[in-house]
């Protein structure tokens with residue numbers, strides 16, 4: 001059983017393969033190519049659990065593996081430099097391939113590295129988290145973080161292939177799986193009411209990691225994202241919808257220095273709730289719709305209690321972080337809000353006070 | 001008097017304007033645009049000599065200036081991080097503009113920064129050296145250096161406009177001007193015999209910095225480069241010809257850690273002589289043609305005495321650096337060589353011994 005999705009981006013098009021045991025397909029792909037060397041970039045956790053499997057699939061190829069620290073801190077200039085230099089030391093050439101093997105952090109870092117080593121070499125994504133399967137491995141956004149905000153330094157750079165092997169998700173800790181689910185839910189909320197309904201009816205199966213259900217929700221998520229990205233690779237328009245919940249999320253992540261106290265998906269869960277609230281406050285959705293969204297987020301077990309994450313939030317700081325959002329232009333605040341469940345819109349020129357009002361409510 | 005050259009790269013096309021006082025055109029360009037902020041990146045030397053002029057042209061715009069250290073050392077991860085963070089601290093947004101104001105080092109660094117800040121914002125090149133006017137400001141190559149080689153980390157990223165104001169060249173030290181000339185000569189050697197003859201006949205006027213002659217040679221150089229780049233933006237083919245002399249040059253620069261003892265253009269001068277010699281050794285050009293090239297390089301005053309630059313070169317190290325060249329694929333050495341003056345070709349699979357033979361002769 002496997003599904004294949006095409007991401008259509010002209011000469012940068014590629015495929016996403018989704019299925020249990022799908023990693024074994026990698027060998028077929030590589031034997032059709034003529035790469036001189038393969039550089040795997042992975043992190044400590046994934047290396048412990050799954051690197052042996054990847055190495056066994058790649059037996060016979062000239063391999064080098066670079067293992068970075070796990071966690072958001074790895075999306076830094078320091079790790080970028082260290083990893084680039086480690087790879088360059090191995091006499092990499094333009095026919096070399098990078099494989100990003102891990103979650104979103106590894107994908108973002110390794111993709112960025114692939115885009116700038118020798119001004120760009122080929123790379124593949126082999127995501128091992130739900131978040132990476134449905135979000136960061138699709139669409140070619142790569143990045144590291146700045147002192148002044150998340151993902152502020154990076155590139156648009158497309159992989160040659162994405163392989164989502166569902167087997168890797170079985171070892172994913174419950175908390176991380178749940179965080180990844182936030183991004184799945186996002187697709188339902190922003191553009192696919194039917195998908196939202198499916199999620200609402202199958203929440204239990206999803207969290208039992210039923211293979212068939214996993215395959216269904218990852219495929220649907222990737223299809224949704226691929227459709228949006230194909231329309232707007234460089235985020236000049238519709239792609240901004242994928243940032244639903246993210247403008248809020250980034251302010252909290254930023255304030256916590258991207259610490260493990262709040263995973264990205266958890267922040268997105270809170271952010272989507274706040275975006276729904278803002279949509280309601282501005283009269284775009286009614287209270288009933290807001291309640292449906294809120295209940296679903298609660299049922300999914302995502303933590304929406306900001307006070308539990310940190311006792312005292314500095315509201316002024318949070319507002320400050322808002323202005324570093326990449327969507328901010330000429331000091332104009334932009335949010336992605338809902339017109340109904342399954343339909344998001346870009347809302348420009350939102351007053352800072354609308355944000356403060358919701359923050360005050362939530363704290 | 002000004003010349004305008006179009007670099008045709010589809011939706012990434014841009015113009016190069018060349019002339020005395022041409023910087024004043026910048027205002028016209030900017031008033032047609034709607035940039036939120038302008039970030040100038042320049043170095044200490046250029047800031048001292050010409051920043052006041054640029055600031056006066058840009059009066060009324062929201063400006064921030066970042067001054068980096070002069071010299072190749074600035075093309076480092078350290079300077080990249082520092083400059084990125086300095087700019088991000090100023091609440092840059094996607095409608096911000098970066099102006100690279102300086103020589104090749106500033107252009108390479110600032111262009112790379114523009115390509116990765118917020119995953120890419122607009123930038124302009126205002127080159128202030130002959131080298132930057134004829135080489136690094138055209139074609140969209142941006143880069144920093146690795147411990148393991150020059151320009152190994154970077155991107156292909158096109159400016160929105162290049163302004164070569166000849167007035168800036170008047171303050172350029174003779175040594176730097178001469179180094180820049182090496183790249184001018186390169187265009188004659190690799191694809192334009194008529195241009196080579198023009199250079200051979202006008203060498204004196206060139207080094208007197210006669211404005212009309214400068215305009216002529218910069219325009220011709222940019223036209224030559226623009227033509228090649230338009231055919232092959234990402235260096236998959238013909239663009240490699242622009243590396244004539246560079247594979248040799250990089251080994252010396254690398255061995256000297258890019259020190260000021262050997263400027264890039266000086267290294268290219270030596271490299272072109274060696275490439276000509278290799279072409280002769282392989283029977284591609286005859287001795288008479290080699291002699292014409294050698295005499296011209298001598299007349300131009302470029303230092304070709306390797307022993308004067310460093311007493312003892314480690315030949316083994318030099319060979320080692322060769323293998324880090326970006327053109328090296330599957331351990332195959334590739335050189336750009338001449339079939340005649342005005343016609344270069346890509347020569348793959350050259351034996352390492354050919355390199356060693358010439359090195360031995362030169363030392």
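Evaluating kT/(6 pi eta Rh) at 20 °C and 1.002 mPa s, with the Kirkwood radius of segment B:4-171 over Cα pairs in the Stokes-Einstein relation, gives 137 µm² s⁻¹. Of B:83, A:171, the sequence from fewest to most neighbouring Cβ atoms within 10 angstrom is A:171, B:83.
In the protein assembly as shown, the DSSP-assigned H stretches of four residues or longer account for a calculated mean residue ellipticity at 222 nm of -14000 deg cm²/dmol, using -39500 (n - 2.57) per stretch and the full residue count as denominator. Compared with the dominant Cα axis of chain B, that is its longest principal axis, helix B:211-231 is turned about 80°. Inter-chain Cβ neighbour count for B:145-153, averaged per residue, equals 5 (cutoff 10 Å, partner chain atoms only). Residues B:136, A:155, B:13, arranged from fewest to most other Cβ atoms within 10 angstrom of their Cβ, appear as B:13, A:155, B:136.
What fraction of the DSSP beta bridges in the protein assembly as shown is antiparallel, stated in percent and rounded to the nearest 5? Bridges in the protein assembly as shown are about 45 percent antiparallel.
Relative contact order of chain B, taken over Cα pairs closer than 8 Å and 6 or more residues apart, is 16 percent. Contact order for segment A:174-362, expressed relative to its length and based on alpha carbon pairs under 8 Å spaced 6+ residues apart, stands at 28 percent.
If I take R0 = 45 Å and measure r between the Cβ atoms of residue A:65 and residue A:227 in this structure, what FRET efficiency does the formula 1/(1 + (r/R0)^6) give, to the nearest 0.05? Calculated value: 0.85.
P(r) tail for segment B:228-363, what percent of Cα pairs lie past 24 Å? That tail contains 26 percent of the Cα-Cα pairs.
Result for chain A in a Gaussian network model with C-alpha springs under 10 Å: among A:25, A:50, A:264, the largest mean-square fluctuation is at A:25.
Remark: relative contact order (segment A:1-106) = 31 percent; criterion is Cα-Cα distance under 8 angstrom and separation of 6 or more residues. Note on residue B:304 and residue B:48: their simple-model spin labels are 3.3 nm apart, each label 7 Å out from Cα toward Cβ.
Just checking the listed ones, A:107, A:180, A:342: in the Gaussian network model of chain A with Cα springs under 10 Å, the one fluctuating most is A:342. Each peptide among A:227-234, B:241-248 gets the average number of other Cβ atoms lying within 10 Å of its residues, and from highest to lowest they stand as B:241-248, A:227-234. Each label point was placed 7 Å from the Cα along the Cα-to-Cβ direction; for residue A:82 and residue A:194 their separation is 4.8 nm. For chain A, taking Cα atoms only, Rg and Dmax work out to 19.8, 61 Å respectively. Rounded to the nearest 5, the antiparallel percentage of DSSP beta bridges internal to segment A:4-171 is 25%. Panel values: the protein assembly as shown, Kirkwood radius from alpha carbon pairs, Stokes-Einstein at 10 °C and 1.306 mPa s, translational diffusion coefficient 58 µm²/s.
Neighbour counts of other Cβ atoms within 10 Å put B:108, B:261 in the fewest-to-most order B:261, B:108. Note on chain A: GNM, Cα springs under 10 Å; of A:162, A:350, A:134, the largest mean-square fluctuation is that of A:350. Here the spin labels are modelled as points 7 Å beyond Cα on the Cα-Cβ line, and at residue A:73 and residue B:295 they lie 6.6 nm apart. The other copies place their residue A:361 label points at 8.0 nm from this one, listed shortest first, where each point is 7 Å from Cα along Cα→Cβ.
Bear in mind that the values in this text are calculations on the coordinates, not laboratory data. Because the structure is a prediction, the values reported are computed rather than measured. Positions of Cβ are generated from backbone atoms using ideal geometry, with glycine treated the same way; all protein chains shown enter the neighbour counts.
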